[in-house]
Amino acid sequence: MTKNLFEQVTSWPQEDQQELAEYAREIEARRSGKYRATPEELRAIDEADQSGIASAEDVEAAFRTFRGV
């Protein structure tokens, strides 16, 4: 079942493939209890840290969540 689906996915537009990958990451995080931040999420945290929007404690708490600590 999944093998056939993955073969079909290779013909999808890149945007749709990325969307599927995001769903798969969410499922894996739920199953494993470990969340892996996307590059976009990490950039947003860096921007918030540099802008002063988030405190150092807020940024560290976010990274602890991503590390699964």
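Work out from phi, with θ = phi - 60° and the Karplus expression 6.51 cos²θ - 1.76 cosθ + 1.60, the ³J(HN,Hα) of each residue of the range 53-63, listed in order in whole Hz, and give x for Gly and Pro.
For the range 53-63, the Karplus curve yields 4, 10, 6, 4, 5, 4, 5, 5, 4, 5, 5 Hz.
Can you list residues whose amide H is under 5 Å from Tyr35's amide H, if they're 5+ apart or on another chain and H is modeled 1.01 Å from N?
Answer set, sorted by chain and number: Gly68.
For Rg and Dmax of the Cα atoms in Å, the choices are (i) 17.6, 63; (ii) 11.1, 37; (iii) 15.9, 48; which was calculated from the structure?
(iii)
Provide the gained length on full extension for the span Glu22 to Thr2, in nm with one decimal, where the gain is 0.36 nm per separating residue minus the Cα-Cα distance. Walk me through the intermediate numbers first.
Details: separation 20, 0.36 × 20 = 7.20 nm, distance 1.63 nm.
The Glu22-Thr2 span can extend by a further 5.6 nm.
What do you get for trypsin sites (Lys or Arg not before Pro) in the chain restricted to DSSP loop and a cutoff of at most 16 other Cβ within 10 Å of the site's Cβ?
Lys34, Arg36
In whole percent, and with a 1.4 Å probe on the protein chains, what portion of the accessible area of the chain is carbon and sulfur? All intermediate terms of the calculation are to be shown ahead of the outcome.
Details: 3050 of 5900 Å².
Ligands and nucleic acids excluded, carbon and sulfur give 52 percent.
Grab the DSSP H runs of the chain that are 4 residues or longer, score each as -39,500 (n - 2.57), total them, divide by all residues and round the 222 nm result to the nearest 500 deg cm²/dmol. All intermediate terms of the calculation are to be shown ahead of the outcome.
Numbers: 4 runs with 52 residues, N = 69.
That comes out to -24000 deg cm²/dmol.
The values are calculated or read from the model by the stated rules, or taken from the named source; none is laboratory data. Bear in mind that the values here come from a model prediction, so they are computed numbers and not experimental data. Every residue, glycine as well, gets a Cβ built from its backbone with ideal geometry; the counts of neighbours run over all protein chains shown. The accessibility values were calculated without ligands, DNA or RNA, using every heavy atom of the protein model including side chains. Shrake-Rupley method; radii C 1.70, N 1.55, O 1.52, S 1.80 Å.
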